[in-house]
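Since the structure comes first, as structure tokens, the remarks are kept for the end.
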Amino acid sequence: MDRLIVQGQRKLFGDVVISGAKNAALPILISSLLSSEKLVLTNVPKLFDIKTTEKLLHFLGVEIEKDKNSIELSAKTINHIDAPYDLVKTMRASILVLGPLLSRFSKARVSLPGGCAIGSRPVDIHIRGFEAMGAKINIDKGYINASTEHLPEGKLIGAKINMDQVTVTGTENLMMAATLARGETILENAAKEPEVIDLGNCLIKMGAKILGLGTKKITIIGVESLFGANHKVMFDRIEAGTYLVAAAMTGGEICCHGVESDKIEAILLKLKEAGAEIKIEDKKITIKSDGQLKAVNLTTSPYPGFPTDMQAQFMAMNTVAKGSSKVIEKIFENRFMHVQELIRMGANIDIKKNTAIIRGDDKLSGANVMATDLRASASLVLAALTAKGDTEIERIYHLDRGYEGLEKKFNQIGAKIKRVK
Ligand code: UD1
């Protein structure tokens, strides 16, 4: 299994080009299932989760052609309406095929994603939404079996759906399904994440009628069919945030290219509060820091609040910043897996339920640590970059799921990270 060896105490200087967003690319690739015509996508990041999605779509019958810069997907004919456990277990977002398959083919069978490292992450809100639209759903032997064959023309029926909790993939799944439903669907308490808007904009290019993207009430008026379209996937907010924090922690100056600052305001505000200097230009953000940061308190919440996917990276930053801080995780119940590993590197962190108290000013030292989930792994890389000595990070397949060319990009700005097979 691949490992990373990270040399500590290196300052970062230079330019980083931020890739397309994993969390936008996944639902957008899957939205190709909604049309018999070609969907052409650019700025799709080269990541393990993207490969898994392509594998799943290929299994379902989607034809996929790739060249250096674009991916063409054509779901003219479909061979399967089921997403098997082997494919779903490695990537929870596979649940997103349920909505498109059900609304276009009146039937879908998708394995329940099961638990994962950061909590139980149920899909009950997705299921209740499809039921409200008239689908018959039963769960049998770990699979969700959904059908609309009993409905007129086998189509979902528009409905008003009030989601108990803000869910990103839940909103995306129901929004995709509603594009081909009969009548109007209203999603109340919808997710406002930019990735949901990006998916919505792609669906609109395909002919969908969607209003209210980016607000908590999304209205979708069902249409007969969707067409082909071209779409450029938005930048990855979390990748950008991760490099910005890295530069702030290590001291140095980097410029992230291809980012829109208004989509990462919560992250930028916290970096400024910590004492970093930030300059915003068109699609560019430059960060400068002398590495002497002030610890910041934060609480994760749905967009536009502070993203849970940046919590671990800021925790790593707080361990080396001045003062004590409190990090409260409000989205996932078990998202402090990185804490034990940071403690192994010398961090001083106490956890009480969903709150971590970090006593900063620590000098971290290199150690052997284990990556546990995608963002936890990123926090270990950041800690390792500031630590004294080398850090060896195991199980880095988590990083390959979500960061395109991580060690290449870091090494270009002055880090020394080596991948060992
Ligand atoms: C997405 C992102 C993930 C991010 C998360 C929160 C993708 C592919 N992944 O995950 O990177 O960390 O949003 O911003 O976009 N919940 C339920 N029932 C449901 C659905 C969700 O109780 O049916 C709960 C979850 O357990 C969690 C909360 O709602 O506590 C938010 O989860 P959700 O927004 O659905 O996360 P994902 O869409 O899986």
Relative contact order as a percentage, the chain, C-alpha pairs under 8 Å and 6+ apart, gives 21
Plugging the Cβ-Cβ distance of Leu269 and Lys55 into 1/(1 + (r/R0)^6) at R0 = 35 Å yields, to the nearest 0.05, a FRET efficiency of 0.35
Between Glu281 and Lys46, the FRET efficiency computed from the C-beta separation at R0 = 25 Å comes out, to the nearest 0.05, as 0.40
Any GluC sites (Glu not before Pro) in region 149-212 that lie in a DSSP loop and have at most 16 other Cβ atoms within 10 Å would be Glu149
To the nearest 0.05, the calculated FRET efficiency linking Lys421 and Thr299 through their beta-carbon distance, R0 being 45 Å, is 0.65
Sorted on mean Cβ neighbours within 10 Å (highest first), peptides 14-26, 333-345 come out as 14-26, 333-345
Inter-part gap, Cα centre of region 85-115 to Cα centre of region 320-392, in whole angstrom, is 33
Computed for the chain: size of charge dipole around the Cα centre, +1 on C-beta of each Lys and Arg, -1 on C-beta of each Asp and Glu, debye to nearest 20, value 560
Per principal axis, largest first, the Cα atoms of region 292-401 extend in Å by 35, 33, 23
Pseudo-spin-label distance Glu72 to Asp2, built 7 Å along Cα→Cβ, given in nm, is 3.0
Under the helix-only model (-39500 (n - 2.57) for each DSSP H run of 4 or more, divided by the residues of the chain), the mean residue ellipticity at 222 nm, to 500 deg cm²/dmol, is -9000 deg cm²/dmol
Sequence order, region 295-300: Karplus ³J(HN,Hα) from phi using 6.51 cos²θ - 1.76 cosθ + 1.60, θ = phi - 60°, Hz rounded, Gly and Pro as x, gives 5, 10, 7, 7, 10, 6
Which of Thr250, Thr319, Thr52 fluctuates most in a GNM of the chain (C-alpha springs under 10 Å)? That residue is Thr52
Region 162-239: antiparallel bridges as % of DSSP beta bridges, rounded to 5, reads 90
Kirkwood-based Rg/Rh on the Cα set of the chain evaluates to 0.98
Too long for a 27 Å Cα-Cα cut-off, among Lys68/Lys284; Lys192/Lys330; Lys322/Lys353; Lys22/Lys283; Lys107/Lys330, are Lys107/Lys330
The simple spin-label model distance between Arg359 and His150, using points 7 Å out along Cα→Cβ, in nm, is 6.1
Of all DSSP beta bridges with both partners in the chain, the antiparallel percent, nearest 5, is 70
Rounded to one decimal in nm, the spacing of the 7 Å Cα→Cβ label points at Asn411 and Glu131 is 5.2
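Values in this text are rule-based calculations from the coordinates and carry no lab data. Since this is a predicted model, take the numbers as computed values, not measurements. Note that we place each Cβ from the backbone using ideal geometry, even for glycine, and neighbour counts take in every protein chain shown.
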